[in-house]
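Colleague: Could you have a look at this structure, given as structure tokens, before my questions?
Just so you know, all these numbers are worked out from the coordinates, no wet-lab data involved. Here the structure is a predicted model, which is why all the values come from computation and not from measurement. As a convention, Cβ positions derive from the backbone with ideal geometry for all residues, glycine included, and neighbour counts pool all protein chains shown.
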Amino acid sequence: MASELLVNKITPESGTTLTLGESGDTISFASGVLPTLESLTITGDLTVDTNTLFVDSTNNNVGIGTSSPASTTKLQVAGVIRSASADGTGMFNLGDATGTTHNVGIFRGSANSTSSGNWLNLGGYDGISFAVSNAALGSQTERMRIDSSGHAIIPNGVTLGTAAGTYNAANTLDDYEEGTFTATVTIGGVSTGTTIASNYRKIGKLVCYTIQTGSSISKGALTGDITITGLPFTSSSSSSNLTNAIVRWGGINSGGTVIAFVLNNTTTIYLQNYNSTSGFVDNTDNNDVGAGFNIYTVTGFYFTD
């Protein structure tokens, strides 16, 4: 049986509860007329304008623009979310703030500033991690990280000069390294006792090195070819990657020019000299140098696999 109550004002006694209707009833207010409530408790679903706002009391979640929010989410929005009242600003803070400061989130503003602008800014307190793989959030594989010191760490390298989304191994720089190594001068495969602190720089498969010493090297009673061992990486296994080096040398007997080169699949620099007397190029050995000789600098490069 339908019923109707028309009143201008209902004022419950302080501390009492006003109950309107029974379970399953619908209470409607005239257009433009809404009550003023200090507090409101709703034990079932809440629907505002069909799907403008919907609270699902069964799954304890909220839909905006939808009356059927997914049960796996706390909030589902069908439409555009705008976090600010004006263009050029807006912020989403993730997690709690430290005092009044928001430390982790995403915002629109100028570069690294919340003032008005059209930059998309990501902000992280300890760093920013980029993870990609077919897995749930929090379980994906980390692919890139920017730490709090500003270092961009990309384990699989950077692909340059291709279209967006196109990977090509030939266009990928996946290694860069600078360091030192200890070079040893040998005669006939035996160390002369002279070791040289040397430097290298590796860019992809290319290794550039500099060996420099000012001290005299004593050959003693050693015989055989003179070589320099201890390169930081094994050279390419391909024989087509042989490379020469520039040598500044002192104490050679033949008066010729010494050249240095790296063969394939080795960590050794081999030396040869042009003998102005014989007119031939020979391996540089103990007979080509005096009792004391110098290798001032050897500068060159070679390739790895």
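Colleague: Give me the percent of DSSP beta bridges within the chain that run antiparallel, rounded to the nearest 5.
Modeller: DSSP beta bridges in the chain are roughly 95 percent antiparallel.
Colleague: I need to check one value: relative contact order of the chain, counting alpha carbon pairs closer than 8 Å and at least 6 residues apart, in percent.
Modeller: Normalised by residue count, the contact order of the chain is 10 percent.
Colleague: Just Glu177, Glu142, Glu22 to compare: in a GNM of the chain, with alpha carbon springs under 10 Å, which one fluctuates most?
Modeller: In this elastic network of the chain, the residue with the biggest mean-square fluctuation among Glu177, Glu142, Glu22 is Glu22.
Colleague: With each pseudo-label sitting 7 Å past Cα toward Cβ, what's the Thr172-Thr16 distance in nm, one decimal?
Modeller: 7.7 nm
Colleague: Explain nothing, just compute: Karplus ³J(HN,Hα) = 6.51 cos²θ - 1.76 cosθ + 1.60, θ = phi - 60°, for every residue of the stretch 172-180 in order, whole Hz, x for Gly and Pro.
Modeller: Coupling constants for the stretch 172-180: 10, 8, 10, 7, 8, 7, 10, x, 10 Hz.
Colleague: What ranking do Leu120, Leu137, Leu271, Leu53 get, fewest neighbouring Cβ atoms within 10 angstrom at the top?
Modeller: Leu137, Leu120, Leu53, Leu271
Colleague: Separate question: If you project the alpha carbons of the chain onto the principal axes, what extent comes out on each, in Å, largest first?
Modeller: Extents along the principal axes: 126, 37, 33 Å.
Colleague: Tally Lys/Arg at +1 and Asp/Glu at -1 over every other residue whose Cβ is under 15 Å from the Cβ of Asp282; what's the total?
Modeller: -3
Colleague: List the residues, sorted by chain then number, that are 5 or more residues from Ser236 or on another chain and whose placed amide H is less than 5 Å from its amide H.
Modeller: For Ser236, the qualifying residues are Asn265, Phe303, Thr304, Asp305.
Colleague: Any idea how far the Cα center of the stretch 1-68 sits from the one of the stretch 199-273, in Å?
Modeller: 88 Å
Colleague: Right, another one. Can you pull the Kirkwood radius for the stretch 177-303, inverse mean 1/r over Cα pairs, to one decimal in Å?
Modeller: Over the stretch 177-303, the inverse of the mean reciprocal pair distance is 14.7 Å.
Colleague: Just in the stretch 26-133: which trypsin sites (Lys or Arg not before Pro) are loop by DSSP and have at most 16 other Cβ atoms within 10 Å?
Modeller: Here the sparse-neighbourhood loop sites are Lys74, Arg82.
Colleague: Something else: Using only the alpha-carbon atoms, what does the stretch 51-202 span along each of its principal axes? Please give whole angstrom values in decreasing order.
Modeller: Largest first, the stretch 51-202 extends 88, 35, 35 Å along its Cα principal axes.
Colleague: Still on this structure: Where does the stretch 22-114 land on Rg/Rh, using Cα atoms and the Kirkwood Rh?
Modeller: 1.08
Colleague: I would also like to ask the following. Sorting Ile64, Ile187 on the 10 Å Cβ count, fewest up front, what's the list?
Modeller: The fewest-first ordering by Cβ neighbours comes to Ile64, Ile187.
Colleague: Still on this model: Report the full-extension gain for the segment Val55 to Ser83: residue separation times 0.36 nm, less the Cα-Cα distance, to one decimal in nm.
Modeller: Between Val55 and Ser83, full extension yields an extra 8.0 nm.
Colleague: Taking the Cβ of each residue in Ser116, Ser149 as the centre, tally the other Cβ atoms inside 10 Å and list the residues starting with the fewest.
Modeller: Fewest to most other Cβ atoms nearby, the residues stand as Ser149, Ser116.
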